[in-house]
Amino acid sequence: MKKQGGLMVTLEEKKHWWEEYTYHGRIHENVPEAIAISWKKCRQANVDPFDGRGKRVSEAILDSILKENKWLMEIAEPIMQNLFNLVMNSHFLLVITDSCGYILDTIGDTDVNKKAENLRFERGMLWSDEEVGSNAIGIALDQNLQIQMAGADHYCLTHHEWTCAAAPIHGLDGQVVGCINISGNAEEMHCHSLGIVAAAAFAIETQIRQRHSYDLMYTALNSSSDGIILLDLDFRSIWMNEAAKNILGTSLDELGRYDFRKIMTEFNWENEERWKSGRPSSRTDCKLKLNDQIFGCSASVSPILSDGRVTGFSVSFNKLEALFKTVNKVTGNHASYTFDDIYFKDPLMGRTLQMAQKYAKYDGCILIEGESGTGKELFAQAIHNASSRSEGPFVAVNSSSLPRDLVESELFGYERGAFTGALKEGKPGKFELADHGTIFLDEIGEMPLEFQAKLLRVAQLHSVQRLGGKYEKKLDLRIIVATNRNLKEEVLQKRFREDLYFRFNVLKLNIPPLRERPEDIACCAQRFLNHFNDRYPDQKKEITEGFIRSLQAYDWPGNVRELQNYIEKTFYLSQNTFLSDQIPLVDSGEPVGLEQTEKTRNRKAGLTLEQIETENIMEMLKDCGGSVELAAERLAISRAALYRRLKKYGINTRELRGKTV
């Protein structure tokens, strides 16, 4: 029983009213006006009251309909799914249609889906009054109203087992863009069904408005850090944000006088196919020319589409400095180390560190000299991070790795078309990327002599001109160079320009080799071991005094880098909980504890190899309290091999028992 027009009406009464109209053409006075209008429309259209099954459109037409209404389905489907979760066990079917009544999608359980399938009440069907007789969807769309129907309210007999409630969905300007419907068994009709679909339609309409606002904001603003200009179809500026005004130094009134195509000439503005597809066009390195000024920038032009038509353009752009920040972040052009990451105990290294900390306060060029592996880049990064440029990029360049014929283009960059094989948009050089930060030129002694004059000019003027470029760009950066050569000697040998040497040698830093600071050997070795112990906590190892003595007896030509590699290798290969000095060196292939370099042997007062080995074995036995088994394990050799050495060198283990270091 349903309340209709203030009356409680049964399904049987509805049936009598339907029969009176179907067989005699008379409409009962209690039939609602909307339904009466629809019945008359169906009779005029010659709709068969005993049919009412849907008719499927072709796949091509359906694909076109779905594509055209994709935006509506994207908004409606989450709302429909939430609604279905509420009515999941009540055997109701949820339906979304377009503005003509084509069913776009349905959601229902197995029972109601089967029943709908028999009626061909499914996706791809046209559910208008003219096609299937009076129904809630048809009336809602045709008369733009919310309606609930049950039983013989429907024009066709095959629908009399159903109850339906539908509400039209309105677009931004109030036009009907679709319909949402809920259908089920007529005997189980619920008075709240109409309220449910009305609420769902309202939620969808709210989402349509929000999505439209979001699209406008996204197209217009894109990013608050970018300059954004909106153009009309005549390419005149109609709106610009504050960032655009600041970058260009102009107002909208002034900018609006120009055809923007003449300001940004490097884009193909006549590419209508691209614009209609909605795809933006971007350039990472282009120029804006305005009032005799040239602005280097990255830019993107996006078409503004409305109902599939291009109605204007959105231009977003930013200075190249913003792009460089992104490039530096992605490519790792930043300093990771600080002075806290430099391990030392030796006073000599302490004085070097204090000098570096003092240099960090100034912007002058720094020349760092030191052997390979002493940590020249580590110092350079620490100086950068302790300076006022710490928020800027740190661009490291290995001079020896640059191909001779590409040195200039790599360091200074190039414009489009500068040479065969160049990127079509050009490319910034390392100096440009280091703007507002630090550029670190490692192995500066390897820089080709013919390029050094150009490098001198950049170092003096702090401005750079790209290869193939027509103007210089002023830079704000600090230059730090490093070498493992003696640059003064290189100048004397005519392999390095004297004027460039003096330009770089404003603040000089000499990093002492590891062999000149023995206290740092033990300090660094323990730090490196701690790192591997933390990384592999189930395989922790310790350092003995004998092992440290072996390390300090070696020259370490590779300095800290060689020591770090050796500690890592020893950690992996030692077979017990102590590091063994019998592990071969990374470069020489000889054990650090059993054979030393010539300088090390001199330091040991001219001992022979056998004497050195004897001394090392005795030290290990003392450390192990005379235990041959433990000493062999720490030395990473078999007990039999150790016994052979003990016999060879006449070592008495009894005398060493209980003597631990």
Say whether the condition of being in contact with a His (Cβ under 9 Å, 6 or more places away or on another chain), farther than 22 Å from VAL506 by Cβ and surrounded by fewer than 20 Cβ atoms within 10 Å (Cβ to Cβ) is met by at least one residue in the range 375-398. yes
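A quick yes/no check of all residues on (1) touching a residue at least 40 places away in the same chain (Cβ under 8 Å); (2) closer than 23 Å to ARG503 by Cβ; (3) aromatic (Phe, Trp, Tyr):
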position: GLU371; (1), (2), (3): yes, no, no
position: LEU378; (1), (2), (3): yes, no, no
position: ASP405; (1), (2), (3): no, no, no
position: GLU408; (1), (2), (3): yes, yes, no
position: LEU411; (1), (2), (3): yes, yes, no
position: GLU446; (1), (2), (3): yes, yes, no
position: PHE451; (1), (2), (3): yes, yes, yes
position: LYS454; (1), (2), (3): yes, yes, no
Test: LYS470 is assigned to a helix (DSSP H, G or I) and either over 41 Å from the mean Cα position of the chain (by Cα) or surrounded by fewer than 17 Cβ atoms within 10 Å (Cβ to Cβ) (or both): no
Scan (1) surrounded by 16 or more Cβ atoms within 10 Å (Cβ to Cβ); (2) in contact (Cβ under 8 Å) with a residue 40 or more places away in the chain; (3) not assigned by TED's automatic domain parsing to the domain that holds GLU321 for the single condition GLU205 breaks and write down its number. (2)
In the range 358-374, residue farthest from ILE511 (Cα to Cα) [restricted to those that are hydroxyl-bearing (Ser, Thr, Tyr) and assigned to a loop (DSSP other than H, G, I, E, B)]: TYR362
Which pairs have Cβ atoms under 8 Å, sit 6 or more apart or on different chains, and link a residue in the range 42-62 that is surrounded by 15 or more Cβ atoms within 10 Å (Cβ to Cβ) to one that is assigned to a loop (DSSP other than H, G, I, E, B) and of a type in the set (Asp, Glu)? GLY54/GLU122
Do we find a residue being at pLDDT 90 or above and in a helix (DSSP H, G or I) anywhere in the range 419-432? yes
Report those helices (runs of 4 or more DSSP H) wholly inside the range 496-594 carrying at least 1 residues which are at pLDDT 90 or above, more than 23 Å from ASP346 (Cα to Cα) and not polar (S, T, N, Q). 498-504, 518-535, 559-573
Tally the residues that are buried (at least 22 other Cβ atoms within 10 Å of the Cβ), under 16 Å from ILE196 (Cβ atoms) and more than 39 Å from the chain's Cα centre (by Cα), restricting the search to the range 80-107. 4
Tell me, please, whether a residue that is under 19 Å from ILE137 (Cβ atoms) and in contact with a Ser or Thr (Cβ under 9 Å, 6 or more places away or on another chain) can be found in the range 52-60. yes
Scan of the range 22-50 for residues that are part of a helix (DSSP H, G or I) and under 18 Å from ALA136 (Cβ atoms), ordered by number: GLU33, ALA34, ILE35, ALA36, ILE37, SER38, TRP39, LYS40, LYS41, CYS42
Give me the pairs: first residue in the range 74-94 and under 15 Å from THR163 (Cα atoms) and touching a residue at least 60 places away in the same chain (Cβ under 8 Å), second residue basic (Lys, Arg) and part of a helix (DSSP H, G or I), beta-carbon distance under 9 Å, and six or more apart or on different chains, which are they? HIS91/LYS115; LEU93/LYS115
I need the full set of residues from the range 93-107 which are in contact with a Gly (Cβ under 9 Å, 6 or more places away or on another chain) and assigned to a strand (DSSP E or B), in order please. LEU93, LEU94, VAL95, ILE96, THR97, ASP98, TYR102, ILE103, LEU104
Suppose the filter is in the same structural domain as ASN385 (by TED's automatic domain parsing), at pLDDT 90 or above, assigned to a helix (DSSP H, G or I) and surrounded by 15 or more Cβ atoms within 10 Å (Cβ to Cβ); does GLN452 pass it? yes
Inspect all residues belonging to the range 517-525 and state whether any of them is charged (D, E, K, R), in contact (Cβ under 8 Å) with a residue 40 or more places away in the chain, buried (at least 18 other Cβ atoms within 10 Å of the Cβ) and at negative phi. yes
Could you check the range 231-323 for strands (runs of 3 or more DSSP E) lying wholly inside it with 1 or more residues that are in the same structural domain as PRO393 (by TED's automatic domain parsing), out of contact with any helix residue (DSSP H, G or I) (no Cβ under 7 Å at 6 or more places or on another chain) and modelled with pLDDT of 90 or more? none
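Condition check: more than 22 Å from CYS297 (Cβ to Cβ) and buried (at least 23 other Cβ atoms within 10 Å of the Cβ). Does VAL481 satisfy that?
The answer is yes for VAL481.
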Qualifying position, being crowded, with 18+ Cβ neighbours inside 10 Å and farther than 19 Å from ALA382 by Cα, among LEU461, LEU492, LEU509, LEU500: LEU500
When the range 456-476 is examined, which residues are found to be of a type in the set (Gly, Ala, Ser) and touching a residue at least 24 places away in the same chain (Cβ under 8 Å)? ALA459, GLY468, GLY469
Within the range 301-318, the residues that are touching a residue at least 60 places away in the same chain (Cβ under 8 Å) and buried (at least 17 other Cβ atoms within 10 Å of the Cβ) are SER302, ILE304, GLY312, PHE313, SER314, VAL315, SER316, PHE317, ASN318
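The values are calculated or read from the model by the stated rules, or taken from the named source; none is laboratory data. Since the model is a prediction, treat every value here as computed from it, not as a measurement. Heads up, the Cβs are rebuilt from the backbone with ideal geometry, glycines too, and the neighbour counts pull from every protein chain shown.
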